[in-house]
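No value in this document is a laboratory result; all are computed from the given coordinates. Note that this is a predicted model, so its numbers are computed, not measured. Here the Cβ is made from the backbone with ideal geometry for all residues, glycine too, and neighbour counts use every protein chain on show.
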Amino acid sequence: MTRTYIAPNFQGTLFRNPPMSETAKLILDGKEYELPVVVGSENEKAIDITKLRDITGYVTLDSGYKNTGATKSNITFLDGETGILWYRGYPIEQIAEYATFLEVAYLLIYGELPTEKELNYFTSSIRNHTLVHEDMKRFYEAYPTGAHPMGVLSSMIASMSTFYPESLNPNRPFKDIELTMHRLMAKMPTLAAQAHKVSIGHPIMYPKNSYSYTENFLHMMFALPTFDYEVDPVVDDALNKLLILHADHEQNCSTSTVRMVGSSQSNLYSSISAGIAALWGPLHGGANQAVIEMLERIKADGGDVAKWVAKAKDKNDSFRLMGFGHRVYKNFDPRAKIIKKACDDVLNKLGIHDPVLDIAKQLEEVALKDEYFVERKLYPNVDFYSGIIYRAIGIPTEMFTVMFALGRLPGWIAQWKEMIEQGEPIGRPRQIYTGANLRDYVPLAKRG
Ligand code: SDX
C-alpha cells in the first residue's frame, strides 16, 4: 500500500513507479528462470530479485552492496561515470549557484522547488523551533572535556525523541511528521553550535530568529555575550553553498543507515541519530576531518607530495589519500569541482593564504597523472577541499563532519519520508553461513 503525503499547498503525487520491462534469464541447476527487469527514469537497469529465493532457493551475495539497489527513489540521481548529480532533476551546478539551503531542503523533502508562499511557510516554521529544551543543556555537563562533537550530536538528536514522545510513532498524520522534520531542521544547528561552545568552554549562544538559517548558525558558533559576530556575506555564501552540496547523495552509507533504522518503524530522531553515527567514519563523512589532518601531516613532514602519493599506493602501507576515491564516482565528483573553485574564491576574498590548499592542489595534480589512481579511477571527492573552506570560515577541524551532517540532514529526512511513504518492509538482508557444521555440546570437564 503506498500512501502519498501532500505537502502544504502542493498537489499531486511525490513519486513515480518506474516501468517494468524486459526480463533477465537465469539458469540454475539446469532450470531456467525469468526475472523482471526494472528500468529507471534515467534508464538505469536492475534485475528485480524480490522473489529470487522463493522461486530458486538462492540468495545473492554482494559485500558492501556494490552492485545492489536497495530501493527505488525519486530524490537524487547521480551518474558516477559522467559525474552527474541532480536533486529532484535539478543539476547540482545550478542549485549550488542560485538556490538557498532552505530552498534545497524544501525541494528534497517535499519534491518540488517551493513557491514564495511555501518557502515562507517552511522558513518561518523552522525559525519558530530553533530553541532547544533547557533541560538538554544539562547533558553537556556529563560529557568529558574534548568529547568529539559527532558523538555529542548523535546522542543529543536521539535524546530529542524523549522530549517529544508524540514523535515516536512514524505513522501519525502528516502534520505531526512535518513538525518533527521542521524541529530537526531547526534544532540541529543549535545543538551543533552548543556542542562546539561547550567544547571550548564558551557560554552557549541562543539563536537569533532575525537571522537567516546560515547566519544564525554562524552567530551561535562565533558570537559571545560580549561580542557581536558580524556575518561576512562571503562566509555566509560559502556556508550556504557547502550545505547545499552535502544535502543528499542517494543511497550512501549514512542514508542507507537512516532508511534501515527507519524501516523498523523507529522514530525519525533515532533514525537521524544513526545516520550521524554512520557518517562519522573516516571512510565516509569523517573523511573531511581526515583530509585536513593528512594535509597538516604532509606539511609538517616537509610537503613532499610524491612521497605521500607513493605511500598511498603501497599495499604494505595503511595510508590512504583521504578525500580521494568514491564508491560511485569513477570520474570527477561534481561537488569537488564546485568546492575547489569556491575554495579559491573564499580564500581570495578573505585574504587568506592557507599552505595546505597548495599541498592539496599539488596532491591532486600528482595523483591525477599517476597510473595507480588513473587505473582505479580515483578522483578528489566532496571531502577533499571542503575542510579548507571550513577552516577559512573559522570552523574547528573536529566540527567538519558535524558540518557535513548539517548539510545532509534534509536528504536524510527526505529519504526517511520516502521510505515511510512507500511502505517499505523492514530491512533484513540474508547471508551465506560458513561456520561450523552440526556438532554436540561438550561438557566443560571433557574439553581438555
Ligand atoms: C563520502 O557514497 C557516497 O555517496 C559517500 C559521499 C556522500 O556524499 O554521502 O560521497 C561522501 O563518503 C565520500 C568518500 C569519503 N572517503 C574518503 O575520501 C576516504 C578515502 N577513500 C576511500 O577509502 C575509498 O575510495 C572509498 C571508501 C571512498 C570507496 O571505497 P570502495 O568503493 O570500497 O573502493 P575500494 O576501497 O575497494 O578501492 C578500490 C581500489 C583499492 O585498490 P586495489 O585493492 O584494487 O588494488 O582503490 C584503492 C583501494 O586500495 N583506493 C585507494 C583509495 N581509495 C581507493 N587507494 C589509495 N587512496 C585512496 N583514497
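About its Cα centre, region 95-283 has a charge dipole of approximately 620 debye under the convention of +1 per Lys or Arg Cβ and -1 per Asp or Glu Cβ, with nothing else charged. Each of the peptides 87-99, 433-445, 382-394, 64-76 was scored by the mean count of other Cβ atoms within 10 Å over its residues; in descending order, highest first, they stand as 382-394, 87-99, 64-76, 433-445. For region 419-428, the Karplus equation 6.51 cos²θ - 1.76 cosθ + 1.60, evaluated at θ = phi - 60°, returns couplings of 4, 5, 4, 7, x, 5, x, 4, x, 8 Hz by residue, with Gly and Pro reported as x.
Pair-distance distribution of region 55-207: all C-alpha pairs, bin width 5 Å, starting at 0; shares per bin in whole percent are 2, 7, 13, 14, 14, 14, 14, 11, 7, 2, 1, 0, 0. What is the calculated FRET efficiency for N348 to K51, with r their C-beta to C-beta distance and R₀ = 45 Å, to the nearest 0.05? That pair, N348 with K51, gives E of 0.20.
For the pair V37 and E141, label points projected 7 Å from Cα toward Cβ lie 6.5 nm apart.
Size descriptor for region 95-283, Kirkwood hydrodynamic radius: 17.5 Å (Cα pairs only, one decimal).
Dividing the summed helix terms, -39500 (n - 2.57) for each DSSP H run of n ≥ 4, by the number of residues in the chain produces a 222 nm estimate of -15000 deg cm²/dmol to the nearest 500. On the beta carbon distance between E22 and E293, with R0 = 45 Å, the FRET formula returns roughly 0.40.
Model label points for S264 and K330, set 7 angstrom from Cα along the Cα-to-Cβ axis, are 3.5 nm apart.
When the label point is put 7 Å from the Cα of D232 along its Cα-to-beta-carbon vector, which residues of region 352-367 have a backbone N closer than 17 Å? Of the residues in region 352-367, 352-357 have backbone N under 17 Å from the label point off D232.
Each Lys and Arg Cβ is given +1 and each Asp and Glu Cβ -1; about its Cα centre, region 287-392 then shows a dipole of about 360 debye.
For the residue pairs K241/K369; K66/K313; K137/K299; K137/K241, the alpha carbons lie more than 27 Å apart in K241/K369; K137/K299; K137/K241. Centre-to-centre, using Cα atoms only, region 201-241 and region 369-448 are separated by 31 Å. Think of the chain as a dipole: +1 on every Lys or Arg Cβ, -1 on every Asp or Glu Cβ, centred on the Cα centre; then among N267, P334, W412, N267 lies furthest on the positive end. Taking label points 7 Å from Cα along the Cα-to-Cβ direction, I426 and N169 give a separation of 1.9 nm.
For a straight C-alpha distance cut-off of 18 angstrom, the aspartates and glutamates reachable from K187 (same-chain residues fewer than eight places away being disregarded) are E103, E134, D135, E166, D176, E178, E215. Remark: the T434-T397 segment gains 9.1 nm on full extension, using 0.36 nm per residue and subtracting the alpha carbon distance. Checking the a/c ratio against 1.5 first, then a/b against b/c, what shape does the Cα gyration tensor give for the chain? Here the chain falls in the rounded category. The dipole here belongs to the chain: it is taken about the Cα centre, uses +1 on the Cβ of Lys and Arg and -1 on the Cβ of Asp and Glu, and is about 1320 debye.
Rounded, prolate or oblate, given the Cα gyration tensor of region 187-335, with a/c below 1.5 counting as rounded? It comes out oblate by the Cα gyration axes.
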